[in-house]
Amino acid sequence: MKVFFKRIASDIKYYFSVPKCTSCREPLDKGGLPLCRECHKAYTRTLDRQCSLCGRRLSLCSCAGEFLKSHGISGHIKLFRYDNREENRAANSLIYSAKSSARNDNIDFLAGELALAVKFNLQKIENAVITSIPRRPGAIRKYGFDHAERLARALALELGIEYIPLLNSGAKRQQKKMSREKRIENASFTLTASPDLTGKVVLIVDDVVTSGASMSVAAGKIKTLGKRIKIYAVSVALAYRDEFDYVYF
């Protein structure tokens, strides 16, 4: 009987809220996905793009750029390469929605996609913990939430491992148009906890890795929490360019 009433309540909530596709804004069929069928097809085509280093699909590799590797990050797990071409609109809309709205369907979808990528790239995750790149205080005041933390917590649930909030942000300005050097200066993080992470695998979650500045600064802080810590960057998208990325795969 309880299940029946829950189902009725869910149907009523759906018909009153009329959720829309994050990309084209058309009303969605009931089913929990944040994209309509056509936009979901466009999103899956985005996933076909290959890594410019190893040649595999981006979600099937953990290649990290030289900058990340030089700062102690063992690998970078991601879903797709961010760019502003029209064919990338559906995929990009998932990031925009995560940043600006509190839609659970979007966060749950991205967490599920990332969980598949993490499981493929890391065979053993029992010794792993998850944390996130903290959002600027000003952005939290504007939107009311930390999107990377929401994503990291949802991913932790998908993987069945612990989420630990480790960092606080003191960043004053938006980083979008900054150079890598300026981003590093602006990426001011302090540790909010000091667990012993010796021998652990730490997954640092963010929505997009652009220059790698925030990830590198965060990794430096986390490395002080123990010995033999292995760090992986985990993001929905990769936005930085490298010397090999000269063609649209």
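Working only within the stretch 38-49, note down all residues that are in a helix (DSSP H, G or I) and surrounded by fewer than 21 Cβ atoms within 10 Å (Cβ to Cβ). I'd like the intermediate steps shown before the answer.
Within the stretch 38-49, the first condition is being in a helix (DSSP H, G or I), and the residues that meet it are 38-46.
Those that are in a helix (DSSP H, G or I) and surrounded by fewer than 21 Cβ atoms within 10 Å (Cβ to Cβ): 38, 40, 41, 42, 44, 45.
Could you list, in sequence order, the residues of the stretch 222-247 that are touching a strand residue (DSSP E or B) at 6+ places or on another chain (Cβ under 9 Å) and modelled with pLDDT under 95? First the steps, then the outcome.
In the first step, residues of the stretch 222-247 are kept if they are touching a strand residue (DSSP E or B) at 6+ places or on another chain (Cβ under 9 Å); the result is 222-225, 229-240, 245.
If the condition is that a residue be touching a strand residue (DSSP E or B) at 6+ places or on another chain (Cβ under 9 Å) and modelled with pLDDT under 95, then 238, 239, 240, 245 are the ones that fit.
Give the stretch 95-108 a look and list any residue that's in a helix (DSSP H, G or I), farther than 14 Å from residue 239 by Cβ and among the aliphatic types (A, V, I, L, M), or say none.
Here is the first cut: in the stretch 95-108, the residues in a helix (DSSP H, G or I) are 95-100, 104-108.
Within this subset, residues satisfying the condition of being farther than 14 Å from residue 239 by Cβ are 97-98, 100, 104-108.
Hits for the stretch 95-108 are 98, 107.
Go through the stretch 158-188 and give me each residue that's outside any strand (DSSP E or B), at pLDDT 75 or above and surrounded by 14 or more Cβ atoms within 10 Å (Cβ to Cβ).
Our first condition is that a residue be outside any strand (DSSP E or B); within the stretch 158-188, this holds for 158-161, 164-166, 170-188.
The next check asks that each one be at pLDDT 75 or above; those that pass are 158-161, 164-166.
Selection gives 158, 159, 161, 164, 165, 166.
Is there a residue in the stretch 75-91 that is of a type in the set (Gly, Ala, Ser), more than 18 Å from residue 24 (Cα to Cα) and touching a residue at least 60 places away in the same chain (Cβ under 8 Å)? Steps first, answer last, please.
Restricting attention to the stretch 75-91, the residues satisfying the condition of being of a type in the set (Gly, Ala, Ser) are 75, 90-91.
From what's left, more than 18 Å from residue 24 (Cα to Cα): 75.
Those left that are additionally touching a residue at least 60 places away in the same chain (Cβ under 8 Å): 75.
Yes, the stretch 75-91 has at least one match.
If you scan the stretch 113-134, which residues turn out to be part of a helix (DSSP H, G or I) and either of a type in the set (A, V, I, L, M) or within 11 Å of the chain's Cα centre (by Cα) (or both)? Before the answer, list the steps.
Taking the stretch 113-134 and keeping what is part of a helix (DSSP H, G or I), we get 113-121.
Scanning the stretch 113-134 gives 113, 114, 115, 116, 117, 118.
List pairs: first in the stretch 129-156 and without any contact (Cβ under 8 Å) to a residue 60 or more places away in the chain and over 27 Å from residue 197 (Cα atoms), second of a type outside the set (Gly, Ala, Ser) and in a helix (DSSP H, G or I), Cβ under 9 Å, 6+ apart or cross-chain?
Hits for this filter: 139/99; 139/147; 143/99.
Within the stretch 23-37, which residues are within 13 Å of residue 92 (Cβ to Cβ) and either of a type in the set (Lys, Arg) or surrounded by fewer than 20 Cβ atoms within 10 Å (Cβ to Cβ) (or both)? Steps first, answer last, please.
Step one: of the stretch 23-37, the residues within 13 Å of residue 92 (Cβ to Cβ) are 23-24, 34-35.
Answer for the stretch 23-37, where residues must be within 13 Å of residue 92 (Cβ to Cβ) and either of a type in the set (Lys, Arg) or surrounded by fewer than 20 Cβ atoms within 10 Å (Cβ to Cβ) (or both): just 24.
Got a number for residues in the stretch 137-157 being in a loop (DSSP other than H, G, I, E, B) and in contact with a helix residue (DSSP H, G or I) (Cβ under 9 Å, 6 or more places away or on another chain)?
Let us first name the residues in the stretch 137-157 that are in a loop (DSSP other than H, G, I, E, B), namely 144-146.
Going one step further and asking which of them are in contact with a helix residue (DSSP H, G or I) (Cβ under 9 Å, 6 or more places away or on another chain), we end up with 146.
Adding up the residues that qualify gives 1.
Those residues that are assigned to a strand (DSSP E or B) and within 30 Å of residue 19 (Cα to Cα), I need them from the stretch 50-85; list them, please.
Our first condition is that a residue be assigned to a strand (DSSP E or B); within the stretch 50-85, this holds for 50, 57, 73-81.
Of everything in the stretch 50-85, those that are assigned to a strand (DSSP E or B) and within 30 Å of residue 19 (Cα to Cα) turn out to be 77, 78, 79, 80, 81.
Considering only the stretch 224-235, how many residues are assigned to a strand (DSSP E or B) and either basic (Lys, Arg) or within 18 Å of residue 52 (Cβ to Cβ) (or both)? Before you say what the answer is, go through the steps one by one.
Filtering the stretch 224-235 down to residues assigned to a strand (DSSP E or B) leaves 230-235.
Within this subset, residues satisfying the condition of being either basic (Lys, Arg) or within 18 Å of residue 52 (Cβ to Cβ) (or both) are 230, 233, 235.
Of the residues in that region, 3 qualify.
Run residue 88 past the list (1) outside any helix (DSSP H, G or I); (2) of a type in the set (S, T, N, Q); (3) more than 24 Å from residue 157 (Cα to Cα) and report the number of the one that doesn't hold.
Tallying (1) outside any helix (DSSP H, G or I); (2) of a type in the set (S, T, N, Q); (3) more than 24 Å from residue 157 (Cα to Cα), residue 88 fails exactly one: (1).
Specify the residue that is farthest from residue 126 (Cα to Cα); the eligible residues are those in the stretch 200-243 that are without any contact (Cβ under 8 Å) to a residue 40 or more places away in the chain and not β-branched (Val, Ile, Thr).
Filtering the stretch 200-243 for residues that are without any contact (Cβ under 8 Å) to a residue 40 or more places away in the chain and not β-branched (Val, Ile, Thr), the one farthest from residue 126 (Cα to Cα) comes out as 243.
If you check residue 30 against the conditions, is it assigned to a loop (DSSP other than H, G, I, E, B) and modelled with pLDDT under 95?
Yes; evaluated as a whole, the condition is true for this residue.
The values are calculated or read from the model by the stated rules, or taken from the named source; none is laboratory data. Here the structure is a predicted model, which means the values were calculated and not measured. Glycine also receives a Cβ, built like all others from the backbone with ideal geometry; neighbour counts cover every protein chain displayed.
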